[in-house]
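The values are calculated or read from the model by the stated rules, or taken from the named source; none is laboratory data. In this text the structure is predicted, and so the values were computed from the model without any measurement. Virtual Cβ from ideal backbone geometry, glycine too; neighbours counted across all protein chains shown. SASA here: full protein model, heavy atoms, side chains in, ligands and nucleic acids out. Shrake-Rupley method; radii C 1.70, N 1.55, O 1.52, S 1.80 Å.
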Amino acid sequence: MFKRLFSLLLLALSFSCASKQENLKVNYPPVPQTELDRKIGNLPSQELPITSPVNPKTLDLCTRYLLFTDQYITASDYPDAKDNLKKASKYCSPSDPRFNYLKAVLLDIEEKRKEAFNYYYKAAKGYLKENNYEGAFKSYSGMVSIEPNSPKVKELQKYFRDQDY
């Protein structure tokens, strides 16, 4: 009997507290804006689609299909990415590091690790010939994620090892 009475009392008390809390809401004044807030407020929203500064129709066919392949990979539309990469293969050199990198990415997604590793390696070597260390590092990173102790990884490691490493 005492437990029921206590339970009812607790229930009634909780309802009364909840209704009192609604009446106690305080409207705080807005926080003053900083200089950074004012600068950011004048910028357009970052969620707006960004149009490419380059018209794809002005690009050579190899670059155009590689661009579309990259966009499809970014959107996780892998069948269309494969189709565009197949089209790109008709116009790109087999030694083009951009082509080899995107081929490696698609093979990596399909979990064909050994093939992907070899394409990452070809891409890294091609990018290094062009002195494109950013592209070479992306390819190297793909290799490390597949087979970190490979002799090919160790061969390329010297290009990316920090002096303090």
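Backbone geometry of the stretch 86-92 corresponds, through the Karplus equation with coefficients 6.51, -1.76 and 1.60 at θ = phi - 60°, to 3J(HN,Hα) couplings of 5, 5, 5, 4, 6, 10, 9 Hz, x marking Gly and Pro.
Taken per residue, the accessible surface of the stretch 61-105 reaches 54 Å², heavy atoms only and a 1.4 Å probe. Distant-in-sequence amide contacts of residue 112, defined by a placed amide H-H separation under 5 Å and a gap of 5 or more residues or a different chain, comprise nothing. Heavy-atom accessible area, probed at 1.4 angstrom with all protein chains present, ranks 105, 153, 144 as 144, 105, 153, highest first.
The local environment of residue 78, defined by Cβ-Cβ distances under 13 Å, has a net charge of -3 under the rule Lys, Arg +1 and Asp, Glu -1. Once all protein chains are placed together, residue 83 keeps about 80 Å² accessible to a 1.4 angstrom probe.
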